[in-house]
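Throughout, read-outs are computed from the coordinates displayed, never taken from laboratory work. Since this is a predicted model, take the numbers as computed values, not measurements. All Cβ positions, glycine included, derive from the backbone under ideal geometry; neighbour counts span all protein chains shown.
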Amino acid sequence: MLRRFPVMLAVGVLIAVLGVGACAKKKPPIARPTPPPPGSSSSSARPPSPPEPVAEPVPVPPEPTVESTDTSSTKSLDELNKQALLQPVFYELDSSEILGDAQAVLAANADVLKKNPTWVISIEGHCDERGTAEYNLALGERRALAARSYLVSLGIAPDRLRTVSYGKEFPFDPRSVEDAWAKNRRAHFVLTAK
C-alpha cells in the first residue's frame with residue numbers, strides 16, 4: 001500500500017494543479033494606443049475639417065399663364081359681377097326646363113367656374129309679373145335648382161352653388177309687354193365669394 005501512496009499523491013497533485021489552472025479566469029487584453037505617424041507631433045495634430053457644403057440650385061417656378069378673362073384676386077366681387085363673366089339663362093313661360101340655348105350658356109358658365117375653382121356663386125330664380133307671388137316664388141326656385149343641377153352635371157361641385165328665388169320681385173325689365181316678360185323669366189348668376 002505504501003507503494004501506491006506516492007503514485008496516488010502524484011496523481012492527486014496533478015489533478016489539483018490542472019483544476020486550478022482550468023478555473024482561473026483569463027484577463028481581457030489591454031488596448032494600447034497607436035503611436036502617431038512619423039513626422040507629426042501629438043500636440044499639433046487636429047482632426048481634419050469637415051467638407052464644405054455643396055450649394056444646390058434653387059428651383060424657379062414657372063410663370064403663371066394669363067387667361068383671357070382677367071380674374072385676378074385684386075378685383076372685388078362687384079367688379080367681377082359687372083364684367084358679366086356668368087351669363088343668365090332664360091326660360092319659356094311657366095317652365096323650368098333647360099332648352100338648347102340655355103344649355104350652351106350653362107356650358108360656358110361651367111367653363112368660367114372651372115377656370116376659377118374657388119368661386120362660389122348664387123343662382124337667382126326670377127319670373128315675370130304674371131301669376132301670384134307664391135306661384136312665382138316656387139317657379140323661381142325650380143328654375144334656380146334646374147340651372148344648379150345642370151351645372152353639377154357638367155362637373156361643378158354642388159357646394160359652390162347656392163340657390164335663391166326672388167319670384168317677380170326684381171324684374172330685369174319693368175315693362176308689361178311680352179319681350180320684357182321674356183327677359184324677366186331667368187336664372188341669374190351672382191359671384192358671392194372668390
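Of note:
- Footprinting exposure proxy ranking of SER165, SER153, fewest other C-beta atoms within 10 angstrom first, gives SER153, SER165.
- Expressed in Å, the radius of gyration and Dmax of the Cα atoms of the stretch 94-184 are 13.7, 39.
- Of the GluC sites (Glu not before Pro) in the stretch 124-194, the ones in a loop by DSSP (not H, G, I, E or B) with at most 15 other beta carbons within 10 Å are GLU129, GLU169.
- Dipole moment magnitude, nearest 20 debye, the stretch 91-193 about Cα centre, only Lys, Arg, Asp, Glu C-beta charged: 420 debye
- Within-11-Å neighbourhood charge of LYS183 [Cβ basis; K, R +1; D, E -1]: -1
- Our coupling estimate for the stretch 160-177, obtained by passing each phi through the Karplus curve with A = 6.51, B = -1.76, C = 1.60 and θ = phi - 60°, is 8, 10, 9, 10, 8, 10, 10, x, 9, 6, 10, x, 6, 10, x, 5, 9, 9 Hz, Gly and Pro reported as x.
- Greater than 25 Å apart at Cα, pairs in LYS115/LYS183; LYS114/LYS168; LYS82/LYS168; LYS82/LYS183; LYS75/LYS114: LYS115/LYS183; LYS114/LYS168
- 3J(HN,Hα) along the stretch 142-158: 4, 5, 5, 5, 5, 5, 4, 4, 5, 5, 4, 5, 8, x, 8, 5, x Hz, from the Karplus curve 6.51 cos²θ - 1.76 cosθ + 1.60 with θ = phi - 60°, whole Hz, x for Gly and Pro.
- Exposure proxy order (Cβ contacts within 10 Å, fewest to most) of ARG186, ARG148, ARG160, ARG143: ARG160, ARG148, ARG186, ARG143
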